[in-house]
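Read through the structure below, which is laid out as structure tokens, and then see the notes.
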Amino acid sequence: MSVLVAGLAGCTVHPPGEREERDAALQSGKPFEKRIEARQVPPLPQNPTADQLVEYALLTNAELEQHYWEWRSAIEQIPQDGTQSTTLNVAAGTTITNGHTSWGSSTVALSNDPMTDIKWPGKLDAAAKQTLENARAAGQRFIKAKYDLRNKVLSAYYDYALTAELIRLEQSNLQLLKTTATVTEARNRAGSSSQEDVLKAGNEVDMSGNDIANMESQLPGERAAINALLSRPADASLPAPKELPPARPLVYADGELVELAAKQNPELIALADEIRGRSEGIRLAKLQYVPDFNLSAGTDLMGVTQSVLGQATIPIFRYEALNAAIAQAEANLRASEAMRRQAGNDLTVQVVADIAIIRDADRQLDLFEHTILPRAREVVTVGRSAYETGHGSLLDLLDDQRSLIAIEGLIGNLRTTRDKRMVELESITTSDLSIPNRSDLGANANLR
């Protein structure tokens, strides 16, 4: 009986899947096992690519590490909820008469702590399984945080690259404007151009220079935003990209993207895990009708007399509260089911919106890059020749150049918008959408 008391008081339920979840967490979180100051993080190259920035962020980002340790914390709750909370009490006593100890009446007793009953094993099983599902949900939210981080890093990088591209375009425009101003001054000295044209040309040069300075002032803030995601000092060196990242094709059909999101989105999977946990919560609430109990066993030191005592804690006066707890658990389950349905609906809307923007951007880019932009460049070339030979006006030439720079800037914005939406889709579907049947993102594969 003493063995039974000790065993019931100290047993722990380990639900199926706990070991696998623990192993998955340890494998995924290897970069975070050491404190940040002790990690061997490879240095960034002098001119890192977008993928290299993502790889670095996956090793250093503090928010991602927070999600990892929250996952680990949820896993460590499983054995706590699956373990009897009671402790083993050991009692010994003897009789002292007129200062003399009577060893024949000495006793030793073992019992559980009467303040904490021994729970029915089924309660521990339900509690441990519920906590396991919550831990799985935490693991899925770690995966979501990983893809969200990739989305943030790449989106910030695309904005940084776009600003640098717009600066380069305006610098090219500034050179053209300076050439035009020089020609205008020469024509004015020759008497074939007015002083008004000289002033207009000078203003255009100064306005272009101001636009460049304004855009250059945005670069430090954009650089700081990327460095923050990489847990680097805000002013750490990070050269602006020399060109926009190359466009990646979207190889999946629209229906396939919606299906991928429904099957692979980590938040939807996490909500499904929590729903299973709520189901275990209902089972646990119903098991509260089952009595808990206390056990004790004792013997005298002479081995003549032994005693065994069992007590049951029957919830006679708690039926109304237990019924309410069951109803509450069922309400929590229904709320989680509704939340997942709505999350699925919202996710579908986001996927459809992203697809529409990507498809429209592709259409516009094809039109602008292959039709409108070549035509606008030809217009500027013809207009400049006409102005330099005295057959065109300065106002027409300046309008042509403004139109060209606006079209080039629009193309850059379209490409950046398309890239950012595609990265968002990849975050939702946890897939590389430029490669068929690719369900990992290269740099992210080492983090589950």
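The values are calculated or read from the model by the stated rules, or taken from the named source; none is laboratory data. Every value quoted in this text rests on a predicted model; they were computed, and no experiment measured them. Please note: Cβ atoms are built from the backbone with ideal geometry, for glycine as well, and neighbour counts cover all protein chains shown. For accessibility, only protein heavy atoms count, side chains too; no ligands or nucleic acids. Shrake-Rupley method; radii C 1.70, N 1.55, O 1.52, S 1.80 Å.
Within region 249-278, the set of residues being in a helix (DSSP H, G or I), under 18 Å from Asp354 (Cα atoms) and of a type in the set (Val, Ile, Thr) comprises just one member, Val258.
For first residues located in region 214-237 and without any contact (Cβ under 8 Å) to a residue 24 or more places away in the chain, partners that are part of a helix (DSSP H, G or I) and not small (Gly, Ala, Ser) and lie 6+ apart or on another chain with Cβ distances below 6 Å form the pairs Ala234/Asn227; Ala236/Asn227. Of the residues making up region 35-68, just one is within 21 Å of Gly139 (Cβ to Cβ) and assigned to a loop (DSSP other than H, G, I, E, B), namely Asn61.
Suppose the filter is outside any loop (DSSP other than H, G, I, E, B) and crowded, with 16+ Cβ neighbours inside 10 Å; does Asp148 pass it? Even if it seems obvious, please write down each step before you answer.
Working: outside any loop (DSSP other than H, G, I, E, B): yes; crowded, with 16+ Cβ neighbours inside 10 Å: yes.
When the stated conditions are applied, Asp148 passes them.
A search for C-beta distances below 6 Å between a residue of region 125-139 that is touching a residue at least 12 places away in the same chain (Cβ under 8 Å) and any residue that is among the polar types (S, T, N, Q), counting only pairs 6+ apart in sequence or on different chains, returns Thr131/Gln77.
Residues are listed down the side, and each one gets a yes or a no for (1) crowded, with 22+ Cβ neighbours inside 10 Å; (2) at pLDDT below 95; (3) under 23 Å from Arg402 (Cα atoms):
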| residue | (1), (2), (3) |
| --- | --- |
| Arg136 | yes, no, no |
| Arg141 | no, no, no |
| Leu162 | yes, no, yes |
| Glu165 | yes, no, yes |
| Ser194 | no, yes, yes |
| Ala201 | yes, yes, yes |
| Ala213 | no, no, yes |
| Glu216 | no, no, yes |
| Leu229 | yes, no, no |
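Taking region 364-417 as the range and being open to solvent by 30 Å² or more (accessible area, probe 1.4 Å), under 28 Å from Gly191 (Cβ atoms) and of a type in the set (S, T, N, Q) as the test, the residues that pass are Thr381, Ser385, Thr389, Ser393. Only residues that are open to solvent by 50 Å² or more (accessible area, probe 1.4 Å), modelled with pLDDT of 85 or more and either of a type in the set (D, E, K, R) or within 18 Å of the chain's Cα centre (by Cα) (or both): list them for region 28-42, please. Result: Lys30, Glu33. Of the residues making up region 56-75, those that are open to solvent by 70 Å² or more (accessible area, probe 1.4 Å) and closer than 20 Å to Ala224 by Cβ number 1.
Among the residues examined, Ala127 does not qualify as in a helix (DSSP H, G or I) and at pLDDT 95 or above.
Here the condition is being within 28 Å of Leu44 (Cα to Cα) and open to solvent by less than 40 Å² (accessible area, probe 1.4 Å); of Ala240, Ala234, it holds for Ala240 alone. Residues of region 193-218 that are in a helix (DSSP H, G or I) and among the small types (Gly, Ala, Ser): Ala201, Gly202, Ser208, Gly209, Ala213. When Phe142 is tested against (1) under 30 Å from Lys30 (Cβ atoms); (2) more than 29 Å from the chain's Cα centre (by Cα), only condition (2) is not met. Cβ-Cβ below 8 Å, separation at least six or inter-chain, first residue in region 282-310 and of a type in the set (Val, Ile, Thr), second open to solvent by 50 Å² or more (accessible area, probe 1.4 Å) and at pLDDT 75 or above: which pairs? From region 282-310, the pairs are Ile282/Glu330; Val290/Trp120.
May I ask you to say which residue of Leu404, Leu347, Leu414, Leu365 is at pLDDT below 95 and touching a helix residue (DSSP H, G or I) at 6+ places or on another chain (Cβ under 6 Å)? Sole residue among the options that is at pLDDT below 95 and touching a helix residue (DSSP H, G or I) at 6+ places or on another chain (Cβ under 6 Å): Leu404.
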